[in-house]
Amino acid sequence: MKLRTLRYHINEGIRSIFKNGLMSLASIAVVGACIFIVIVSLCMAVNIDYVLEQIEANVGISVMFGEEPDESDIAGIEQQVKQIPHVTEVKYYSKDDALDQAKTMFDADALEGLREDNPLPRSFDIKVDDIANQESVIKELENIRLEFEKTFYTDKQEEPADEQTTDENVQTEETTQPVTNEAGAVVPVVIDSGEATTEAARDTAASAEDIGKEGYVFRGIEKINHLKEITDVLVTINIIVRVCSVILIGILCFISVGIIMNTIKLTVFIRKSEINIMKYVGATDWFIRWPFVIEGIIIGLIGALIPTGICWLVYDRIADFINNTPFIKAIAQLKTAADIFCVVGPVALLIGVLLGAIGSINSLEKHLNV
Amino acid sequence: MITLENVTKIYEDNGAVALRDVSLKIGKGEFVFVVGSSGSGKSTFIKMLLKEVDPTSGMLIIDGMDITTLKRKEIPYLRRKVGVVFQDFRLLPSKTVYENVAFAMQIVEASPKMIRRTVPQVLSLVGLGKKGKAYPNQLSGGEQQRVALARAIVNKPPILLADEPTGNLDPDTAWEIMELLENINANGTTVVMATHAKDIVDRMKKRVVTMDKGIVLRDVMEGGYDDEA
Ligand SMILES: Nc1ncnc2c1ncn2[C@@H]1O[C@H](COP(=O)(O)OP(=O)(O)O)[C@@H](O)[C@H]1O
Ligand SMILES: [Mg+2]
């Protein structure tokens with residue numbers, strides 16, 4: 001297509017919008033309404049996601065210590081916990097910290113009397129990068145717990161290495177050790193401690209009473225709390241919100257294309273005889289299509305710009321209000337208008353353009369066969 | 001210029017036989033009337049030359065090109081070679097006289113300069129030099145048909161078809177249009193005109209192809225409407 005022809009088509013498209021003023025307004029209103037709903041659902045989806053993320057981030061895992069581990073034990077465990085993949089933060093609370101917290105929570109200075117003989121446990125507060133990874137982190141924590149528990153027995157045992165390796169050639173440290181096989185030859189066996197650790201820990205535990213069995217009371221790490229119910233619910237809500245918004249937006253786009261097609265079909269129908277005439281004069285299909293397509297694109301663009309502008313202004317107010325209301329902002333913040341609309345704006349415009357173009361092309365096809 | 005060989009057209013939806021084994025040759029620069037009563041197949045003949053309808057059987061050659069095998073995409077290029085005017089003018093109501101004629105040139109992507117030079121020339125050729133800015137609904141029937149003629153010839157097609165171009169016009173106006181058609185023909189354009197206007201055909205003394213129920217009844221040089229073969 002030559003540039004002058006493009007100019008002709010753009011002129012024709014714009015002219016047609018003004019010529020069919022009322023129809024154009026109706027189309028813009030329809031596109032605008034559809035895109036408005038798309039924008040609202042997008043804003044909701046993005047923010048629900050964002051709020052969930054913040055709540056998730058606050059739902060951590062807490063690890064409570066018994067009375068027996070000393071400060072260096074705990075420091076060692078902290079190092080191990082920090083090594084676990086997906087752990088982003090480990091915060092230690094001493095007995096005094098726990099008491100302070102309880103005092104503020106219950107607003108009870110009377111608790112001060114407990115400071116000397118503090119019954120509250122020492123604990124870690126552990127944050128995980130994504131709620132989906134919580135379970136794997138908990139598994140690792142359980143391993144650390146078992147292994148640590150084991151030290152209460154192995155420390156007192158003599159020659160623990162012999163006992164561990166006689167049956168299954170498994171041991172906790174990487175060493176080379178001579179083993180006598182049936183034939184009487186001495187074979188050096190190298191065992192990597194990495195994967196075998198859990199096995200080894202259980203073996204040792206089994207031989208040193210019943211660590212981890214039903215009813216066993218841990219002396220090192222007493223409890224691992226992780227609010228599984230809350231996190232499960234959050235994960236479910238997250239999935240539902242995502243699925244619903246995708247379905248909703250899909251349905252809306254479908255409806256919009258239908259309505260736009262019908263609106264443009266009406267315009268095309270009115271100009272059916274014109275299209276016919278153009279074909280008699282020797283116009284190609286695309287020569288006839290272009291002005292309609294440009295008309296559709298302009299209608300789609302205007303139809304997208306108006307709701308985008310309105311939503312932006314309104315959203316800015318809402319986000320401003322919520323993010324500055326003391327009680328609500330403590331729970332979660334909303335994304336700022338600029339954050340959301342630098343993505344939603346272009347998406348809305350693109351949808352408008354596509355809806356307009358697809359609608360006009362589709363509604364023309366039938367009339368081009370002359 | 002135009003050759004039909006054993007062309008038959010049966011409309012599928014109602015089984016009407018519009019053309020029955022028609023064979024015809026029209027040479028370059030000829031002026032041919034196609035006459036016959038209503039329903040004799042004149043319009044079907046014209047539509048076939050524009051590839052608006054396809055023959056059920058037979059061969060159709062225009063300007064050396066077999067148009068029965070023409071692809072849909074190639075139809076516009078055929079129509080640029082074949083100008084056409086109708087009884088009902090078929091102007092674009094939202095465009096001015098000037099724009100209606102210019103449209104035919106925009107389709108072939110003529111330069112704006114070329115358009116600005118040619119359109120006024122052609123408009124004055126059909127006697128509408130001063131009506132360029134008028135819209136079709138502001139013109140009389142005769143004037144509208146002149147615009148249609150101007151549009152049909154502005155790209156200088158070798159063939160001009162006319163389907164009852166005087167059907168909606170009073171006798172005097174009809175004659176003005178006929179004079180224009182004769183001028184266009186005199187400049188070398190092959191003209192095929194379907195009509196049942198007896199007086200016009202009788203006075204023009206051109207080749208007359210008479211159709212009846214889809215067959216060619218007579219084909220007479222310098223004939224009249226009711227001539228015997
Ligand atoms: N689109 C069509 N569908 C079915 N039959 C048609 C159609 N057009 C014309 N016919 C039939 O074909 C015959 C010839 O019609 P037409 O070519 O219009 O004749 P004329 O122009 O001489 O009046 C008539 O019997 C008419 O009913
Ligand atoms: Mg007819």
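Just check the protein assembly as shown against the gyration tensor rule for me: Cα atoms, a ≥ b ≥ c as the square roots of the eigenvalues, rounded for a/c under 1.5, and otherwise prolate or oblate depending on whether a/b exceeds b/c. Can you show the working numbers first?
Numbers: a/c = 5.34, a/b = 2.96, b/c = 1.81.
Here the protein assembly as shown falls in the prolate category.
Relative to a virtual label point 7 Å from the Cα of A:ILE237 in the Cα→beta-carbon direction, which members of region A:131-146 show backbone nitrogen distances below 20 Å?
Once the point is set 7 Å along Cα→Cβ of A:ILE237, A:131-135 turn out to lie under 20 Å by backbone N, inside region A:131-146.
Can you work out the Karplus-derived ³J(HN,Hα) for every residue in region A:85-101? Use 6.51 cos²θ - 1.76 cosθ + 1.60 with θ = phi - 60°, whole Hz, and x for glycine or proline.
x, 6, 7, 9, 7, 10, 10, 9, 10, 6, 4, 5, 4, 4, 5, 4, 4
Taking 8 Å as the Cα distance limit and 6 or more residues as the minimum spacing, I'd like the relative contact order of region B:7-110 as a percentage.
Numbers: 72 pairs, mean separation 21.0, N = 104.
20 percent.
Residue by residue through region B:120-131, which ³J(HN,Hα) values in whole Hz follow from phi under the Karplus form 6.51 cos²θ - 1.76 cosθ + 1.60 (θ = phi - 60°), with glycine and proline marked x?
Working through the residues one at a time gives x, 4, 5, 5, 6, 4, 8, x, 10, x, 9, 9 Hz.
Rg to Rh for region A:271-311: what is it, with Cα atoms only and Rh by Kirkwood? Could the numbers behind the result be given before it?
Values: Rg = 14.8 Å, Rh = 11.8 Å.
Here Rg/Rh amounts to 1.25.
So which lysines pass the test for A:LYS2, namely a Cα distance under 17 Å, with those fewer than 8 places away in the same chain ruled out?
The qualifying lysines are B:LYS113.
Take every residue in peptide B:99-109, count the Cβ atoms of other chains within 10 Å of its Cβ, and give the average of those counts. Let's see the in-between values first.
Numbers: counts 0, 2, 0, 1, 7, 4, 1, 8, 9, 5, 6.
Per residue, the average neighbour count from other chains is 4.
From the helices alone, meaning DSSP H stretches of at least four residues, give me the mean residue ellipticity at 222 nm for the protein assembly as shown, per-run term -39500 (n - 2.57), in deg cm²/dmol to the nearest 500. Walk me through the numbers before you get to the answer.
Numbers: 19 runs with 328 residues, N = 599.
After summing the helix terms and dividing by the residues of the protein assembly as shown, the value is -18500 deg cm²/dmol.
Region A:277-308: which residues show an accessible-area loss of 20 Å² or more, assembly versus chain alone, 1.4 Å probe?
Residues shielded by partner chains are A:ILE277, A:MET278, A:LYS279, A:TYR280, A:VAL281, A:GLY282, A:ALA283, A:THR284, A:ASP285, A:PHE287.
Taking H placed 1.01 Å from N in the peptide plane, check which residues at least 5 places from A:ILE221 or on another chain put their amide H under 5 Å from its amide H.
Residues meeting the criterion, in which the H sits 1.01 Å from N, are A:GLY66.
Need the C-alpha centroid separation for region A:21-50 versus region B:68-130, integer Å.
Cα centroid of region A:21-50 versus Cα centroid of region B:68-130: 42 Å apart.
Modelling each spin label as a point 7 Å along the Cα-to-Cβ direction, I'd like the A:GLU89/A:PHE254 distance in nm, to one decimal.
So the label points at A:GLU89 and A:PHE254 sit 4.3 nm apart.
With the full set of protein chains in place, find how many percent of the accessible area of region B:2-220 is carbon and sulfur; take the probe as 1.4 Å.
Values: 4700 of 9560 Å².
Of the solvent-accessible surface of region B:2-220, carbon and sulfur hold 49 percent.
Among rounded, prolate and oblate, which fits region B:78-152 when a ≥ b ≥ c are the square roots of the eigenvalues of its C-alpha gyration tensor, a/c under 1.5 means rounded, and a/b larger than b/c means prolate? Mind showing how you got there, number by number?
Numbers: a/c = 1.65, a/b = 1.21, b/c = 1.37.
Oblate, because a/c is 1.5 or more while a/b does not exceed b/c.
Before anything else, pin down the relative contact order of chain B: Cα pairs under 8 Å, at least 6 apart, normalised by residue count, whole percent. Don't jump to the answer; show the numbers that get you there.
Values: 430 pairs, mean separation 63.6, N = 229.
28 percent.
Taking the Cα centre of the protein assembly as shown as origin, sum charge times position over the Cβ atoms of Lys and Arg (+1) and Asp and Glu (-1), and report the length of that vector in debye to the nearest 20.
Values: 62 positive and 83 negative charges, 1678 e Å.
Here the protein assembly as shown has a charge dipole of around 8060 debye.
Once a ≥ b ≥ c are taken as the square roots of the eigenvalues of the Cα gyration tensor of region B:1-93, is the result rounded (a/c under 1.5), prolate (a/b larger than b/c) or oblate (a/b not larger than b/c)?
On the way: a/c = 1.22, a/b = 1.09, b/c = 1.12.
Rounded shape, in that the Cα axes give a/c under 1.5.
So for the pair A:GLU365, A:LEU6, with labels modelled 7 Å out along Cα→Cβ, what separation do we get in nm?
2.7
Estimate for me the total accessible surface buried between chains B and A (protein heavy atoms, probe 1.4 Å, no ligands or nucleic acids), in Å² to the nearest 100. All intermediate terms of the calculation are to be shown ahead of the outcome.
Working: alone 11420 and 22010 Å², together 31180 Å².
Using a 1.4 Å probe, the pair buries roughly 2200 Å².
The values are calculated or read from the model by the stated rules, or taken from the named source; none is laboratory data. Note that this is a predicted model, so its numbers are computed, not measured. All Cβ positions, even for glycine, are placed from backbone atoms using ideal geometry, and neighbour counts span all protein chains on display. Heads up: the accessible areas ignore ligands, DNA and RNA and are worked out on the full protein's heavy atoms, side chains in. Shrake-Rupley method; radii C 1.70, N 1.55, O 1.52, S 1.80 Å.
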